[in-house]
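To start, the structure under review is shown below, and the notes come after it.
The values are calculated or read from the model by the stated rules, or taken from the named source; none is laboratory data. Note that the coordinates shown come from a computational prediction; the quantities given were computed from them, not determined experimentally. Here the Cβ positions follow ideal geometry from the backbone for every residue, glycine too, while neighbour counts run over all protein chains shown.
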């Protein structure tokens, strides 16, 4: 794990397709439920999943678990999480402009919280609040909490944060300040070029470090697109880990967004 102070927090990135419930019933996808489901999966969900998965991997993060038509993801670097969110949105806007139902958009939420030293709840708080804040993000945009804002403000070139005021979050005793992420066209183009040149994970490395988690998951615990180490109780998560899937068949480790 990086030795910077920011390494003691984890950033939850929650992304969800806008109006996803309505999409499942949209007659433009087919006349019956089976046809609609198949076309939705092929023309919208598959490219959506592929883009999110690739960018999160390139940013040094991992897919945690699916939530409806969205994903909860984890990253150690909050600044890289903001950049990854911008790249995801730009790629989605390009890929999902001409679907059978027209343009499809997504919202992204980001929140930083302390890493728990006891799995499986190491990302519970970050993931849950990320899910809350994404509902306040603009369509096709990114919303972040004051925690992310505090770690990123003034540290990212040509990326700013527009105050959306204090909002009520379910399960929180007091309103939380929310910001929308805004980026200059030049910086967005630079990020897109940088990400397109990465080709693999952030930094280009696939080897392990002294901080990597040694335990290997069983096949039933692994995301289909990766063979990645998972944290076990008492272990921390390394930035150089490969994509980690917490959820699915891993008992007690999925995040419930209620």
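Determine whether segment 90-101 contains at least one residue that is touching a residue at least 12 places away in the same chain (Cβ under 8 Å) and either exposed (fewer than 14 other Cβ atoms within 10 Å of the Cβ) or more than 29 Å from residue 40 (Cβ to Cβ) (or both). Before the answer, list the steps.
From segment 90-101, those touching a residue at least 12 places away in the same chain (Cβ under 8 Å) are 90-93, 95-96, 99-101; that's our starting set.
From what is left, the residues that are either exposed (fewer than 14 other Cβ atoms within 10 Å of the Cβ) or more than 29 Å from residue 40 (Cβ to Cβ) (or both) are none.
For segment 90-101, residues touching a residue at least 12 places away in the same chain (Cβ under 8 Å) and either exposed (fewer than 14 other Cβ atoms within 10 Å of the Cβ) or more than 29 Å from residue 40 (Cβ to Cβ) (or both): absent.
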Task: Matching residues in segment 130-177 - criterion: being under 22 Å from residue 93 (Cβ atoms) and in a strand (DSSP E or B) - done: 142, 143, 144, 159, 160, 161, 162, 164
Task: Selection from segment 23-76 of residues that are farther than 21 Å from residue 93 by Cβ, without any contact (Cβ under 8 Å) to a residue 40 or more places away in the chain and in contact with a helix residue (DSSP H, G or I) (Cβ under 9 Å, 6 or more places away or on another chain) - done: 24, 25, 27, 30, 33, 35, 36, 37, 38
TODO: Kindly indicate whether residue 208 is at pLDDT 75 or above, more than 18 Å from the chain's Cα centre (by Cα), farther than 22 Å from residue 86 by Cβ and assigned to a loop (DSSP other than H, G, I, E, B).
DONE: no
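Quick grid of which residues meet (1) modelled with pLDDT under 95; (2) within 18 Å of residue 132 (Cα to Cα); (3) crowded, with 24+ Cβ neighbours inside 10 Å:
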position	(1), (2), (3)
20	yes, yes, no
23	yes, no, no
68	yes, yes, no
84	no, no, yes
106	no, yes, yes
118	yes, no, no
